[in-house]
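Chemist: Handing you a structure now.
The values are calculated or read from the model by the stated rules, or taken from the named source; none is laboratory data. Because the structure is a prediction, the values reported are computed rather than measured. Neighbour counts are summed over all protein chains in view; Cβ atoms, including those assigned to glycine, are modelled from backbone coordinates with ideal geometry. Heads up: the accessible areas ignore ligands, DNA and RNA and are worked out on the full protein's heavy atoms, side chains in. Shrake-Rupley method; radii C 1.70, N 1.55, O 1.52, S 1.80 Å.
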Amino acid sequence: MSQPERRPVVLRGGTVLTVDAGHTVLEGHDVLVVDDRIAGVGVDLEVPAGTEEIDARGGIVMPGMIDTHRHMWQTAMRGYGADWTLTQYFVWYYLEHGRKFRPQDVYAGNLVAAIEAVDAGVTTCVDWSHGLQTTQHADAAVDGLAAVPGRFLLAYGNIQDAPANWTGTSELRDFLDRRRGDVEGFQLAFDVTGDPSFPEKPAFEVARDLALPVTTHAGVWGATNDDGIRLMYEHGFMAPETIYVHAATLSADSYHRIAATGGSVSVSTESEQSAGQGYPPTWALRSHDIPVSLSMDTSVWWSGDLFTAMRTTLGADRSREHLEAHARGETVTHAALRAEHVVDMATRGGARALGREADLGSVEVGKKADLVLVRNEHSPVSFPILHPHGHVAFQAQRGDVEAVLVDGRVVKRDHRLVGVDLAAARRAVEETVDHLRGELGEDEWRQGMNPDIPETKILDNPYQYTDYRSATTHGA
Ligand SMILES: [Zn+2]
């Protein structure tokens with residue numbers, strides 16, 4: 001797959017969600033891109049000769065979205081775990097079948113996930129890659145990401161071995177040196193069990209040695225808890241670049257420690273709502289002033305787009321506020337979380353979490369030209385645009401992404417990806433599905449997808465509708 005060519009581009013006459021510090025919205029503005037940067041934002045901009053014109057009238061121009069936690073290697077199993085809980089996920093991936101993924105299976109998942117991200121306007125994505133049993137798997141992961149014109153960070157992880165083991169190898173250091181130029185950056189991805197002997201300490205030391213941020217599933221019901229946060233804090237491993245994923249079942253004390261050390265939380269609302277990590281925590285994080293970014297977690301269950309993340313996050317946050325108020329006999333008259341806040345979390349918030357706020361996450365002159373045009377002339381939902389942030393959060397969806405620019409290159413135009421071989425990704429995914437299905441056998445394959453449903457006890461009902469019906473004189 002070739003890099004699309006780069007020439008000056010102007011998006012004409014759109015409603016621009018700048019997501020600058022004041023969340024400024026500009027109606028009927030142009031955005032000019034020269035090389036990899038935003039060169040101008042204004043009305044009827046003069047542009048260099050040969051500039052490509054993209055009509056943005058009637059549409060919304062916004063920053064490329066940023067996902068801070070996505071297990072891209074799992075995407076070849078898209079939708080398989082739709083009815084899972086976290087327990088079934090752990091059994092399937094961690095205990096039973098995760099080892100069956102070959103390097104080419106990681107490649108297939110990453111390739112289609114990377115294409116899926118860019119297609120949906122997610123221009124930067126952290127690949128939380130915890131299926132890297134060998135560095136061959138890691139090379140395959142990077143190969144899949146590097147084939148697609150987006151910004152991808154590899155968060156290196158391996159659920160099949162203890163963090164102290166796999167972080168300490170010379171193979172890992174060689175790999176990081178060798179592939180440095182092929183991705184946007186690296187992180188180390190591992191979880192902290194809360195074991196009082198703190199066996200993850202050597203892994204944190206490697207991260208510090210290599211100046212790599214750590215990303216960790218923290219506050220996951222039944223898996224990680226306050227003890228992990230306390231151990232990280234006591235050993236001095238909580239840093240501003242640390243990303244705490246979910247952070248859904250933590251005490252105020254842990255939130256204080258996160259806030260005091262400058263870290264951020266990656267909230268995966270769609271995931272937390274159905275897998276069982278805990279209640280999506282934005283409503284609680286707000287009062288601790290902890291920065292939030294959004295993420296989709298895994299396409300084994302959920303959608304791979306941040307429109308859904310924004311929508312579910314607003315819903316979960318407001319739902320909780322109402323419930324808490326009702327429990328006190330009160331009524332919420334003003335929503336605390338606004339559409340503009342979730343648009344910020346999906347763009348600027350991700351840039352902040354990755355330490356890239358200086359060049360990503362907003363539409364401002366001088367920043368990297370990662371842009372999304374939300375427009376769909378064939379959709380009755382595309383007008384009127386009265387509340388642009390609200391339109392993005394509640395009305396738009398991935399099919400409305402008409403154009404995407406990454407690093408100044410047009411990678412999607414007129415609703416079609418540019419220079420992306422989707423057929424090759426499809427073939428790679430089909431091979432992986434055939435391999436895994438063959439390894440599991442047909443019974444186990446079907447069983448894995450169809451967990452038992454607990455019995456629902458129907459309550460005794462004092463009202464007898466049959467009596468009512470027989471007592472009436474209607475009908476024959
Ligand atoms: Zn996760």
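Chemist: What residues qualify as long-range amide H neighbours of Asp55, i.e. H under 5 Å apart, gap of 5 or more or another chain, H built at 1.01 Å from N?
Modeler: Under 5 Å from the amide H of Asp55: Arg12.
Chemist: Assuming 0.692 mPa s and 37 °C, estimate D for the range 180-237 with Stokes-Einstein, Rh taken as the Kirkwood radius over Cα pairs, in µm²/s.
Modeler: 271 µm²/s
Chemist: A further question on this structure: Subtracting the Cα-Cα distance from 0.36 nm times the residue separation, let me have the gained length for Tyr94 to Glu430 in nm, one decimal.
Modeler: Value of the extension gain: 118.7 nm.
Chemist: Let me ask something else. Once Rh for the range 209-360 is found with the Kirkwood sum over Cα pairs, what is the Stokes-Einstein diffusion coefficient at 4 °C and 1.567 mPa s, in µm²/s?
Modeler: 82 µm²/s
Chemist: Right, another one. Taking 0.36 nm per residue of separation and subtracting the Cα-Cα distance, what length does fully extending Ala260 through Trp221 add?
Modeler: Result for the pair: 11.7 nm of gain on full extension.
Chemist: Sticking with this one: Whole number in Å², please: accessible area per residue of the range 191-281, 1.4 Å probe, ligands, DNA and RNA not counted.
Modeler: 37 Å²
Chemist: Can you give me the relative contact order of the chain as a percent, contacts being Cα pairs under 8 Å and 6 or more apart?
Modeler: 21 percent
Chemist: May I ask for the longest run of the chain untouched by GluC sites (Glu not before Pro) that are loop-located per DSSP and have at most 14 neighbouring C-beta atoms (other than their own) within 10 Å?
Modeler: Between the exposed loop sites, the longest stretch runs 47-329.
Chemist: Please give the residues of the range 72-99, grouped as numeric ranges, whose backbone N is less than 17 Å from a label point set 7 Å along the Cα-to-Cβ vector of Lys457.
Modeler: none
Chemist: Round to the nearest 10 and report in Å² the accessible area of Phe198, as given by a 1.4 Å probe over the protein chains' heavy atoms.
Modeler: 10 Å²
Chemist: Multiply the residue separation of Met449 and Asp36 by 0.36 nm, subtract the distance between their alpha-carbon atoms, and state the gained length in nm to one decimal.
Modeler: 144.3 nm
Chemist: Shifting gears a bit: What relative contact order, as a whole-number percentage, does the range 324-422 give when Cα pairs under 8 Å and 6 or more residues apart are counted?
Modeler: Normalised by residue count, the contact order of the range 324-422 is 21 percent.
Chemist: If r is the Cβ-Cβ distance from Arg328 to Val381 and R0 is 25 Å, what FRET efficiency results, to the nearest 0.05?
Modeler: With a Förster radius of 25 Å, E is 0.10.
Chemist: May I pose another question? Rounded to the nearest 0.05, what FRET efficiency is calculated for Asp44 and Asp174 with R0 set to 41 Å and r the Cβ-Cβ distance?
Modeler: Here the calculated transfer efficiency is 0.15.
Chemist: Can you work out ³J(HN,Hα) from phi for every residue in the range 40-46, in order, using Karplus 6.51 cos²θ - 1.76 cosθ + 1.60 and θ = phi - 60°, giving whole Hz and x for Gly and Pro?
Modeler: Each residue of the range 40-46 in turn: x, 9, x, 9, 6, 5, 6 Hz.
Chemist: Can you give the alpha-carbon Rg of the chain over 2.2 N^0.38 Å, where N counts its residues?
Modeler: 1.03
Chemist: Compute the Kirkwood hydrodynamic radius of the range 3-139, taking the inverse of the mean of 1/r over all pairs of distinct Cα atoms, and give it in Å to one decimal.
Modeler: The answer is 18.0 Å.
Chemist: Above 13 Å lies some portion of the pair distances; for the range 248-308, what is it as a whole percent of all C-alpha pairs?
Modeler: 61 percent
Chemist: Here is a further query. With a 1.4 Å probe and every protein chain kept in, tell me what percent of the accessible surface of the range 330-428 is carbon plus sulfur.
Modeler: That share works out to 51 percent.
Chemist: Per residue, how many Å² of accessible area does the range 329-392 show with a 1.4 Å probe?
Modeler: 45 Å²
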